[in-house]
Amino acid sequence: MSESAREFARKTSGSDTEVDGGAGGTDHVAGTRGAVEGETVLDRYFALSDTAGEAPEDFEELISLFSPRARISPGRGGDVEGIDAVRAFYREFFDRNVELHHVWKAKVQPDGLHFARWAVAGRRSSDEVFALSGCDVAEMDDVGRILKLRVEID
């Protein structure tokens, strides 16, 4: 995690809360999580999504969450396949979305799929402010990297 992300986490300590006593997942405010025991890949994904646009090391860590054979089905647009296409997709995404603030609840389902319900508020490079919500479903490869990620926007 970048120094800026660690600094943000220190400034917002205590904002990471467990709403339901741990049953079924944990609600998170981005920037407050490091790689900790019990954290899902989607927890890291969302935490890094708020800092990866400005911190190169967080961008690289975000990309490292994906398998070289990864496929993303974004909420809008066609599928993205392969790590080079994933890298280009996120580079364009962060060029277009210059400030992001996610909250989410992630869990690993009994079938092994990773699921996260999320909301995001952000600012685009055009200075437009936006808010969205949705869910992500991820399938992992045999070493725990994201092989398939489906993003569904409400």
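Just so it is clear, none of the values below were taken in a lab; they were calculated from the coordinates. Please read these numbers as outputs of a predicted model, since none were measured by experiment. Cβ coordinates were reconstructed from backbone atoms using ideal geometry, including for glycine residues, and neighbour counts include every protein chain displayed.
Listing 65, 48, 132, 149 from the residue with the fewest other Cβ atoms within 10 Å to the one with the most, what is the order? Please list the in-between numbers first.
Numbers: 65 19, 48 28, 132 13, 149 22.
By the 10 Å Cβ count, ascending: 132, 65, 149, 48.
Given R₀ = 25 Å, what would the calculated FRET efficiency be for residue 113 paired with residue 84, taking r from the Cβ atoms and rounding to 0.05?
Values: r = 25 Å, r/R0 = 1.01.
The computed FRET efficiency comes out at 0.50.
With each label point set 7 Å from Cα along the Cα-Cβ vector, what nm distance links residue 98 and residue 73?
Calculated label separation equals 3.4 nm.
Any idea how far apart residue 39 and residue 137 come out in nm if each label point goes 7 Å out from Cα toward Cβ?
2.6
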